[in-house]
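A short worksheet on the structure shown next.
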Amino acid sequence: MTETFEDKFDHDPDTVYEEEEEEDLDLDPDDEFADSHHTEDQSSNTVKKQKTPSPGGGCLMGLLKVFLSLGLIAFCYFYIFQPEKFTTIQNKINEIISSVEYDAQAPVLSNIEPPAKQKEQPVPQIILRGSGILPDYSTVAKQKNALNFHLIKADQIRFATLDTYHDLLQTLIYDWTGENDPAKIQQMTGLPYQQFVNQVSASLLSQTVLRQAGLTPANNKRKILQDPIQAMAAVYPRLKEAMATKKTVRDQLKTLEPVSSFLIYICNNSFECLASWDLLIDMLGAKKYAQILEKSPEIIYQH
């Protein structure tokens, strides 16, 4: 015969169970542990005391037993006679437990600040004119969004980081034209490759780095409002300071070359202007490299 839950859980709420008496050994405070070799006489003299519960404690224990008994009766009643309510109660308890466990693991959303939305850097208003069949830079940038990144990078260059300018300029021209072959770029622009590079570089420098020296961009052949001699005087202290931070001669020349080529470009073969440029190169301690800077600046970037 299969035992039912009632058979297993045989409980009469009216039954009173007698509490077993507990024994408490009264040890002498001077003894750390009971000696296992005590004689029978000493053992017989040991006094056993019965623990006498306090009146208040007895009442509380009695009430606790009553509530426990009532709870067990209710449990059995729902389980036997109203199992559907028992299931509902059980499901409710499981939901509460699951909710508590989830809340303990889940982060407090009110204490978490949403990530700050990264602001997009505005594209500087830099104008680079096209040549031949090559459209203006801004026109091509509407179709090639990545070109705006080059303008942002160019606007961030300072005199101290001019040694990175050449690589940026080269990448900008290649992405603008869609070519990396100087011969094809020359066919597209209708200008000798190096002349086109110098033209773009002069325009880009006048609208970015040179403004930090107080020079004013202009839409003319000189690219700035100031005359070449004023420009040389303005850039000298900044170039001197920037070149002093470079550890190698090559890096010093990379810092000097973009501005040097700009000044040669706006001098436009003027003897007086080139004399001032020669003085600037001498003052910066680069006199022995003057020929390279004037005639073959690309050598500086060859490894």
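Bear in mind that the values in this text are calculations on the coordinates, not laboratory data. The model shown is predicted, which means the values in this text are computed figures rather than measured ones. So basically every Cβ, Gly included, is an ideal-geometry build from the backbone, and we count neighbours across all protein chains shown.
Here are some pairs, Lys153/Lys184; Lys153/Lys223; Lys223/Lys295; Lys240/Lys287; Lys153/Lys287; which of them have Cα atoms lying more than 24 Å apart in this structure?
Where the Cα-Cα span goes over 24 Å, the pairs concerned are Lys153/Lys184; Lys153/Lys287.
If Lys and Arg each add +1 and Asp and Glu each add -1, what is the summed charge of the other residues whose beta carbon sits under 12 Å from the beta carbon of Asp251?
Residues close to Asp251 contribute a combined charge of +2.
Gln212: net charge of surrounding residues, Cβ under 13 Å, Lys/Arg +1, Asp/Glu -1, itself excluded?
+1
List the trypsin sites (Lys or Arg not before Pro) within segment 211-281 that fall in a DSSP loop (any state other than H, G, I, E or B) and whose Cβ has at most 11 other Cβ atoms within 10 Å.
Within segment 211-281, the qualifying trypsin sites (Lys or Arg not before Pro) (loop, at most 11 other Cβ atoms within 10 Å) are Lys221, Lys247.
Per 5 Å bin from zero, what fraction in whole % of the C-alpha pairs of segment 137-301 is there, up to the bin with the longest pair?
Calculated P(r), rounded to whole percents: 1, 8, 18, 21, 22, 15, 9, 4, 1, 0.
Report the net charge of residues surrounding Gln187, where surrounding means a beta-carbon distance below 13 angstrom and charges are Lys +1, Arg +1, Asp -1, Glu -1.
-1
Report the calculated FRET efficiency for Ala290 and Lys240 (r = Cβ-Cβ distance, R0 = 25 Å), to the nearest 0.05.
Efficiency computed from Cβ-Cβ geometry: 0.95.
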